[in-house]
Amino acid sequence: MGRTREAGCVAAGVVIGAGACYCVYKLTWGRDENEKILDEDKESTDTSETGVETVKGAKANVGAGSGAKLHSDSKVKPEVSLGLENCPGVKEKVHSGSHSGGGLEAKAKALFNMLKEQASAKAGKGVRVGIISGNRTLAPSLPCPGGRGGGCHPTRSGSRAGGRASGKSKGKARSKSTRAPATTWPVRRGKFNFPYKIDDILSAPDLQKVLNILERTNDPFIQEVALVTLGNNAAYSFNQNAIRELGGVPIIAKLIKTKDPIIREKTYNALNNLSVNAENQGKIKTYISQVCDDTMVCRLDSAVQMAGLRLLTNMTVTNHYQHLLSYSFPDFFALLFLGNHFTKIQIMKLIINFTENPAMTRELVSCKVPSELISLFNKEWDREILLNILTLFENINDNIKSEGLASSRKEFSRSSLFFLFKESGVCVKKIKALANHNDLVVKVKVLKVLTKL
């Protein structure tokens, strides 16, 4: 039996034994004082002969009648077995209390106090504190996995490891070991020593090691840490080239198919940093349709959706790969209407990239859009949303003129973006109403747009 359980049993025995003594004392309350004195004389004689019965070991044997036995109306014999053969002070205090005429109450209190002291001393010896070895610590930038049940703060991980080390042990008690347990991760994984910190700037050989770990493992936590490490390193231009040359883009992109939303989010973040490099975009374009489909069907306003939209925005900054996403225009405008404030801003940045390419104008204005989209021109929205929607309208209006689409109005349906922005006249009325907006920047943008109509 472990020392922790042993100390707990001793403490439980102390409480039960003292409680039993106190209950017996209460039963004898109100008796004649003379009878008490005679009883105490007899009792002191008995206890001097018998003392306190002890047993070997540290187990507490407190049964239904082990705390105290009521032999008659006037005789009480304390029989507490708590394994205190090494505690002579208990016997001395009990005997001195009985001879001094303090009564059963004094004896019970003396017994309780001494047992409590001895149990506390023994409990203090039995507790072992867990130790975390190694110098691997989580950087503050490591994301805490939502809904995974645990934090990432180093102090919390240490306390958890300590709690596990000092918890209850199963089976027989093991012999003491001087070797400290291995470093523990606070989330998902019991033991794993990742070779680098997630914010380390790695060389090409080190990046190769991380890519090998990512390629071979199926553990979600290891995948997450490896992706964050690669994503942080992909923020540096020299490592963007190194990761591509080491074949890292396909290794990272294969995790787009995983069902774990956190892994997909970290995958998109890593690819987003890599996509800043034009050569890397040539590698990532293979997966852009898959990213777009997943972004449209995943949970609305989720972290995965935001990460996917950021990646798509980076991939459409140039005109080279915009045609790969033209089939998703209706979905983009639906998301623009349904999303929250941050989703609206990100999706508008994505659509503005398409409006800056005149070659995409016909496909863009012919797609069906919700009529509620017109509500984005209301003055209740903040500056950023108003500026983005005005820029979107300005670019489309300019492209319609430059591409000569105004004369082809019969080609577009009444539910199309062309009809909403150009033919209905509702947008123009909404924009004119913004001319008196309180924000000077918005007012200047409105006047610029109105001069081009």
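Worth pointing out:
- Summed over the stretch 280-303, the residues that are part of a helix (DSSP H, G or I) and over 15 Å from ALA253 (Cβ atoms) give a count of 3.
- Listed by position, the helices (runs of 4 or more DSSP H) contained in the stretch 358-438 that have at least 3 residues being closer than 25 Å to GLN346 by Cβ and open to solvent by less than 10 Å² (accessible area, probe 1.4 Å) are 361-366, 383-403.
- Among the candidates ILE389, ILE400, ILE352, ILE385, residue that is over 19 Å from LEU447 (Cα atoms), at pLDDT 95 or above and β-branched (Val, Ile, Thr): ILE352
- Of the residues in the stretch 285-300, at least one is more than 18 Å from LEU325 (Cα to Cα) and not assigned by the TED database to the domain that holds ASN340.
- Conditions (1) open to solvent by less than 10 Å² (accessible area, probe 1.4 Å); (2) over 30 Å from the mean Cα position of the chain (by Cα); number of the one not met by LEU309: (2)
- When THR318 is tested against (1) open to solvent by 10 Å² or more (accessible area, probe 1.4 Å); (2) part of a helix (DSSP H, G or I); (3) over 30 Å from ASN378 (Cβ atoms), just one condition goes unmet, and that condition is (2).
- LEU309 meets the conditions (1) in contact with a strand residue (DSSP E or B) (Cβ under 9 Å, 6 or more places away or on another chain); (2) in the same structural domain as ILE262 (by the TED database) in every case but one. The failed one is (1).
- Near pairs, Cβ below 6 angstrom, 6+ apart or cross-chain, from the stretch 251-280 (farther than 17 Å from GLN305 by Cβ) to any residue that is open to solvent by 20 Å² or more (accessible area, probe 1.4 Å) and of a type in the set (Phe, Trp, Tyr): ALA253/TYR287
- Within the option set LYS259, LYS266, LYS209, LYS197, being within 23 Å of MET296 (Cβ to Cβ) and out of contact with any helix residue (DSSP H, G or I) (no Cβ under 6 Å at 6 or more places or on another chain) holds for one residue only, LYS259.
- Only residues that are among the hydroxyl-bearing types (Ser, Thr, Tyr) and surrounded by fewer than 19 Cβ atoms within 10 Å (Cβ to Cβ) were counted in the stretch 343-357, giving 1.
The values are calculated or read from the model by the stated rules, or taken from the named source; none is laboratory data. Bear in mind the structure is a predicted one, so any value in this text is a computation, not a measurement. Backbone-built Cβ (ideal geometry, glycine too); neighbour counts: all protein chains shown. Keep in mind that these areas ignore ligands, DNA and RNA; they rest on the heavy atoms of the full protein, side chains included. Shrake-Rupley method; radii C 1.70, N 1.55, O 1.52, S 1.80 Å.
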